[in-house]
Amino acid sequence: MHGTRLLSGCLLILATTVPAAAAVGLGDEAQAAPAVGEMDAETPAPAIPAEAPAASAVTEEAEGVEPAALAAEAAEPPVGPADTPEPEAESAETAEPAAAEPSPTDVGTTGRAEPSYPYTGKITADLVNIRCGPRLYYYPLTTLSKGETVVVESERDGWLALRPPEDLFGLMRKSDLDVGSSGTSAVVTAPEARVYASGPKADRRWCVAGILEKGDRVAVLGQGEGDFLRVALPKEARAYVVEDYVTASAAGAEPSAGTGAETAEVEVEKPEANPLIKAFREADRGLKAEMAKDIGSRDYDAAAEPYQAILEKAEKDYVRRACKERLAYIAGLREQQEDYLRMESLGDTLDERLAEIKTRYADRKAQRDFETEMGRTDFVAQGVVRRLKILEGVDYPIKYKLVDQNNRPLVVLRSTQYDLSDYVGKVVGVRGTRKYVKDWGIYSVTVDDLEVLE
């Protein structure tokens, strides 16, 4: 589909008046109730992993790694349709350079030859999550059982990119589509329309599986929740699973097209269970129990102690990172508790304070909505001008980019009319010709007009 491009699943984090951290789960996530929802509607709470089912536990997953520098530079941050807490992405300026794709004869750290892609594999765990992105904070779309077949398109840092299983689908807004009389197909009417990854296990919908352009056709599978329709995923869409839970077919073998022949399998050593994972789940249950109490009686010191103990023992980066984010989240909850107790002591002024917070939030949201709408109609793009550090010292016409407030790239810039170095660090809106750079996975804007906004 010519108008489709993939995104790395970067997310938008709403500004908050009270600090709180988004958490990375180590198992099946479930949304926790906001710590002090009665105080500030802006404050998100990270997911607290639910207890694993007694009959069949979902296999624990290892952590993925950030995309390469150029991919991070070029990725356009998606905006989800729901106010879902979203994890922060690393800055494009600090991401490591991209590693070269392995050849069919490369030998990895395990000492065995890397397979050629694509290839057919089988699930080796009893039950494993298939996620919408190569990190634990990406939500599960479905689960696969031991022995089920998957088609692996690529691998990166311990995560396999799969062709989506048959039970996965996309979600699109009805307002972006013109549905045909048969109800089975539609044409995109919006300039750009996001396809959100979903499936039978998905309870969120912020991960963008692709973007369609005006005039693209899409197969309609049925009615989704609210103003969303279920649609067929773009052919470039991928689902992700931890590499350790897939047994590859013979190296370099591509998936067969209905031959029914069994492929020779290569044994993959099953990873040992990390005992700290069990301790982490116990700590999560303790935190969840504290969250169930009245805000004034929660003991956040007791809740933080198990995570601190795990952090001091952990060797795996993903366990250490998860503990640090839980501790940061608890620190934010503690500050909220202190603010709540202070406000509670104010008595009659509490209602006035809460009304002020809600009014300020509503005003900021209205302003953001207005600026977003104006940006769509007036400018091709708007953001802060930054240098493309990876191209410093290189004779190339593109040396600048526009980033959002979280330093995530929006578009790259070229201009013969403006000296863009004069605008570095300034918030600007640009008008001009926009063209998609396939190799970079981002749009390039040739600037005809530039306006300083701040």
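Can you pick out the pairs among 401/426; 122/146; 174/214; 278/316; 174/235; 399/426 whose Cα atoms lie more than 18 Å from each other? Numbers along the way, then the final one.
Numbers: 401/426 12 Å; 122/146 7 Å; 174/214 14 Å; 278/316 14 Å; 174/235 21 Å; 399/426 16 Å.
Beyond 18 Å between Cα atoms: 174/235.
Give the long-range amide H neighbours of residue 154: residues separated by 5 or more places, or on another chain, with amide H under 5 Å away, using H modelled in the peptide plane at 1.01 Å from N.
So residue 154 has HN proximity to 161.
Test of the criteria: in the range 386-432, which trypsin sites (Lys or Arg not before Pro) are in a DSSP loop and have at most 14 other Cβ atoms within 10 angstrom of their Cβ? Show your work: numbers first, answer last.
Numbers: sites: 386, 387, 389, 399, 401, 414, 426, 431; in loops: 399, 426.
Passing sites in the range 386-432 are 426.
Relative to the present Cα-Cα distance, how much length would full extension add between residue 213 and residue 157 at 0.36 nm per residue of separation?
Numbers: separation 56, 0.36 × 56 = 20.16 nm, distance 3.13 nm.
Once the chain is fully extended between residue 213 and residue 157, it gains 17.0 nm.
Counting only residues 5 or more places away or on other chains, whose amide H sits under 5 Å from the amide H of residue 410 once H atoms are built in the peptide plane?
Close amide H contacts, sequence-distant or interchain: 402, 403, 404.
Quick one: which residues, 5 or more positions from residue 169 or on another chain, have an amide H under 5 Å from its amide H? H modelled 1.01 Å from N in the peptide plane, none for Pro or chain starts.
It is 198, 199, by chain and number.
Compute the separation of the alpha-carbon centres of the range 386-454 and the range 116-134 and state it in Å as a whole number.
38
Multiply the residue separation of residue 427 and residue 175 by 0.36 nm, subtract the distance between their alpha-carbon atoms, and state the gained length in nm to one decimal. Don't jump to the answer; show the numbers that get you there.
Values: separation 252, 0.36 × 252 = 90.72 nm, distance 3.06 nm.
Result: 87.7 nm gained on full extension.
Roughly speaking, what is the stretch gain from residue 149 to residue 353, that is 0.36 nm per residue apart minus the C-alpha to C-alpha distance, in nm to one decimal? Could you put the intermediate results ahead of the total?
Working: separation 204, 0.36 × 204 = 73.44 nm, distance 5.68 nm.
Residue separation times 0.36 nm, minus the Cα-Cα distance, leaves 67.8 nm.
Which of the trypsin sites (Lys or Arg not before Pro) found in the range 205-242 are in a DSSP loop and have at most 15 neighbouring Cβ atoms, other than their own, within 10 Å? Provide the component values of the computation, followed by the final result.
On the way: sites: 205, 214, 217, 230, 235, 238; in loops: 205, 214, 235, 238.
The qualifying sites are 214, 235.
Rule-based calculations on the coordinates, nothing more; no lab input. Remember, predicted model here, so these are calculated numbers, not experimental data. Positions of Cβ are backbone-derived with ideal geometry, glycine not excepted, and every protein chain shown enters the neighbour counts.
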